[in-house]
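Please read the structure below before turning to the comments.
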Amino acid sequence: MSDHGIPVRRMPFTVPDDGAFHPLYIAGHPVASYQMTGLGLYVALLEPFIVKSVRRVLDCVSDPALREAADRFCRQEAQHYQQHERFNAMVFGAGYPGLRERYELLRTDFDGFLADRDDRFRIGFVEGFEANTSQGALRLLGSGALRHPKTDKALGALWEWHMLEEIEHRNVAFDLYQHLFGGWLYRARMCWVAQHHMARFIDDCTAIMLPVDVARHGPACALTAGQRLQRLLMRMVPRVKSMLPRYTPHRYQLPDSVTQLSAKLSAQATSVS
Ligand SMILES: [Fe+2]
Ligand SMILES: [Fe+2]
């Protein structure tokens, strides 16, 4: 691992053949599966936005260590969205009327943020997203769901790598926001804005996919009222936590399994820098 703890890996993932996509690919669990499918679609457009937003402010970062970490953060995110684009092609290929249109609408949101908003909004938005994913990544890796016998191996491996790297770069957006802008209230507001934006997109994708999947794969793909409540809690707890004045990702205690996974993925990578 690099001195920064943010190694940039190129991974040799193989996208499953056409027709192999089953919507309940994470442990056969509809909440987890639809959440991650929506997230995979979201990050393919969010992460290019992250890279562009952070690169625009790099010259304003006076701390060399933070500048290096921010550069590595961008390079990790660039690997993520390139890999997700390949897997997302499989999702689109499964045929969901309206899904591509919703995805293109998301693209116009990020294009608008790049054109019309200022650096504080953009870096705040990036931090709002990262504050959510670092918590979600720790929870998901700790749950064992990505290695469940019912989890698709290729998609489980993709998410395991992505979630691990979200943990590795968990401090960068927070430190960048504090270094450039500081303060609590606007950062808290952007946590709400970014995490609500993501949740709305994922819910829209889920609503598009569910009726198609129930018709194709049966009622196991439907979400019960209890599962919808579980989804809401799964989102609101990290959102509220990240909005608190004393929130910082620096306090997370990482289990040994994260360090072990980091080393294992570096060994599997085709290159690490
Ligand atoms: Fe990422
Ligand atoms: Fe990230």
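Throughout, read-outs are computed from the coordinates displayed, never taken from laboratory work. Worth saying up front: this structure is predicted, and the values here are computed from it rather than measured. As a convention, Cβ positions derive from the backbone with ideal geometry for all residues, glycine included, and neighbour counts pool all protein chains shown.
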Checklist entry - Along the positive direction of the dipole of the chain (beta-carbon charges: Lys, Arg +1; Asp, Glu -1; about the Cα centre), which of M236, A70, V214 reaches farthest? => result M236
Next on the checklist: For region 87-132 and region 136-179, what is the centre-to-centre distance using only Cα atoms, to the nearest Å?
Outcome noted: 19
Checklist entry - Taking the Cα centre of the chain as origin and charging only Cβ (+1 Lys, Arg; -1 Asp, Glu), how large is the dipole, in debye to the nearest 20? => result 620
Checklist entry - For region 92-102, what does the Karplus curve 6.51 cos²θ - 1.76 cosθ + 1.60, with θ = phi - 60°, yield as ³J(HN,Hα) per residue in whole Hz, taken in order and with x for Gly and Pro? => result 4, x, 6, x, 10, x, x, 5, 4, 5, 5
Item to check | Furthest towards positive pole of dipole, P245, L176, V193, structure part region 24-264, Cβ charges | outcome: P245
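For each of R170, R246, count neighbouring Cβ atoms within 10 Å of the residue's Cβ, then give the residues from fewest to most. Spell out each step's value before the answer.
Numbers: R170 23, R246 6.
Lowest count first: R246, R170.
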Checklist entry - What residues have an amide H closer than 5 Å to that of T151, excluding those fewer than 5 places away on the same chain, when H is modeled at 1.01 Å from N in the peptide plane? => result A27
Item to check | 13 Å Cα-Cα reach of K264 towards aspartates and glutamates, excluding residues that sit fewer than 8 places from it in its own chain | outcome: E160, E165, D256
Next on the checklist: Residue by residue through region 238-255, what is 3J(HN,Hα) from phi via Karplus (6.51 cos²θ - 1.76 cosθ + 1.60, θ = phi - 60°)? Round to whole Hz and write x for glycine and proline.
Outcome noted: x, 5, 5, 4, 6, 8, 5, x, 9, 4, 8, x, 5, 7, 4, 9, 8, x
Item to check | In Hz, Karplus ³J(HN,Hα) per residue of region 140-157 (6.51, -1.76, 1.60; θ = phi - 60°; x = Gly, Pro) | outcome: 5, 5, x, 6, x, 4, 6, 10, 4, x, 8, 7, 4, 5, 5, 6, x, 5
